[in-house]
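These notes are about the structure you will find just below.
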């Protein structure tokens, strides 16, 4: 990393693996899933996204020089890079194709990071739709390809991550010390979110909150206390409405399923800082603790931020040590970086 006064690590940044993109675009399952998801995005947003990809994203995905220049402008020393969700999950893939996609993705992310290991660390993927395969895939991702963990969606074919069928994944992730980055793609509310780009503006934080809530109330975090969960978009709505979750846990027997009040688990999860307002970021830090928040940019997407340190510095009441922790030290420890 560079020798700036304040070392900064971005834990939410994306890239593409061209070989995987080319492969999945040929598959009927991918085309069908994209068509279903596109209905809920809305025609105007789809066209704008297409234009943004051609005008902006494609160059930033393709050119490491452009990315490094952007990182320098953002004062980011190191990015934790994962593939963009549209090409990350591929939960539609059958048992014959899924391992091939996973290996190609993880190998591609490792190769990307190897170009500048001082500036990049990587997250891979696993085929959660085939739970019996994930332990070996995760072990290969970390031990053979040197990745820090994986990016996963908020559900798998409509099934929540807390479903018992995914226990092999959570067991392996805890055992291996893998970072599990929970990042949504699409939202279960469907057509109500089609206008105004609400599919992303509201849908993404809603999906993240739903996934975390299921993991808490199901007892998954009680069974796997060593999990390293990283939640996108500041954890969605969960940290900001945790009082109601706690109240439900206290007064409703069907919700009194976890060992602790739901808000207690927020200090066992890590969150990126992509909430856009210093007041909201300050609230998040107070809710979960300064040791659980890390910088995020969502590079190179327009629903991210290119001034993460500026946002952090505008949060009132933080000590210099807390700013340094959120800027980079928390991520360094979580990722096991020197």
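Quick rundown of the values:
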quantity: Scan of the range 316-333 for residues that are closer than 14 Å to residue 278 by Cα and assigned to a loop (DSSP other than H, G, I, E, B), ordered by number; calculated: 316, 317, 318
quantity: Selected residue (criterion: farthest from the chain's Cα centre (by Cα)) from residues of the range 143-172 that are assigned to a strand (DSSP E or B) and on the phi < 0 side of the Ramachandran plot; calculated: 159
quantity: Failed item, numbered, when residue 281 is tested on (1) crowded, with 23+ Cβ neighbours inside 10 Å; (2) in contact (Cβ under 8 Å) with a residue 60 or more places away in the chain; (3) part of a helix (DSSP H, G or I); calculated: (2)
quantity: Verdict on residue 320 being buried (at least 22 other Cβ atoms within 10 Å of the Cβ), farther than 18 Å from residue 240 by Cβ and either touching a strand residue (DSSP E or B) at 6+ places or on another chain (Cβ under 8 Å) or without any contact (Cβ under 8 Å) to a residue 12 or more places away in the chain (or both); calculated: no
quantity: Lone unmet requirement of (1) modelled with pLDDT of 90 or more; (2) assigned to a helix (DSSP H, G or I); (3) under 20 Å from residue 151 (Cα atoms); (4) out of contact with any helix residue (DSSP H, G or I) (no Cβ under 7 Å at 6 or more places or on another chain) for residue 19; calculated: (4)
quantity: The lone exception for residue 65 - which of (1) under 23 Å from the mean Cα position of the chain (by Cα); (2) under 19 Å from residue 118 (Cα atoms); (3) part of a helix (DSSP H, G or I) it fails; calculated: (1)
quantity: Sole exception among (1) in a helix (DSSP H, G or I); (2) more than 13 Å from residue 150 (Cβ to Cβ); (3) out of contact with any helix residue (DSSP H, G or I) (no Cβ under 6 Å at 6 or more places or on another chain) for residue 95, by number; calculated: (1)
quantity: Single residue of 129, 140 found to be modelled with pLDDT of 95 or more, surrounded by 17 or more Cβ atoms within 10 Å (Cβ to Cβ) and in a loop (DSSP other than H, G, I, E, B); calculated: 129
quantity: Unique residue being surrounded by 21 or more Cβ atoms within 10 Å (Cβ to Cβ), in contact with a helix residue (DSSP H, G or I) (Cβ under 6 Å, 6 or more places away or on another chain), outside any helix (DSSP H, G or I) and at pLDDT 80 or above when the list is 102, 11; calculated: 11
quantity: Some residue of the range 327-338 being surrounded by fewer than 17 Cβ atoms within 10 Å (Cβ to Cβ) and free of Cβ contacts under 8 Å to residues at least 60 places away in the same chain; calculated: yes
quantity: Candidate set from the range 39-61 (those that are without any contact (Cβ under 8 Å) to a residue 12 or more places away in the chain and under 21 Å from the mean Cα position of the chain (by Cα)); member that is nearest to residue 197 (Cα to Cα); calculated: 49
quantity: Qualifying positions in the range 216-259 - under 30 Å from residue 312 (Cα atoms) and not in a helix (DSSP H, G or I); calculated: 225, 226, 227, 228, 229, 230, 231, 232, 236, 237, 241
quantity: Among the candidates 84, 56, 40, residue that is on the phi < 0 side of the Ramachandran plot, at pLDDT below 95 and in contact with a strand residue (DSSP E or B) (Cβ under 9 Å, 6 or more places away or on another chain); calculated: 84
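The values are calculated or read from the model by the stated rules, or taken from the named source; none is laboratory data. All values reported here derive from a predicted model rather than from experimental measurement. FYI the Cβ positions are ideal-geometry reconstructions off the backbone, even for glycines, and counts take in every protein chain you see.
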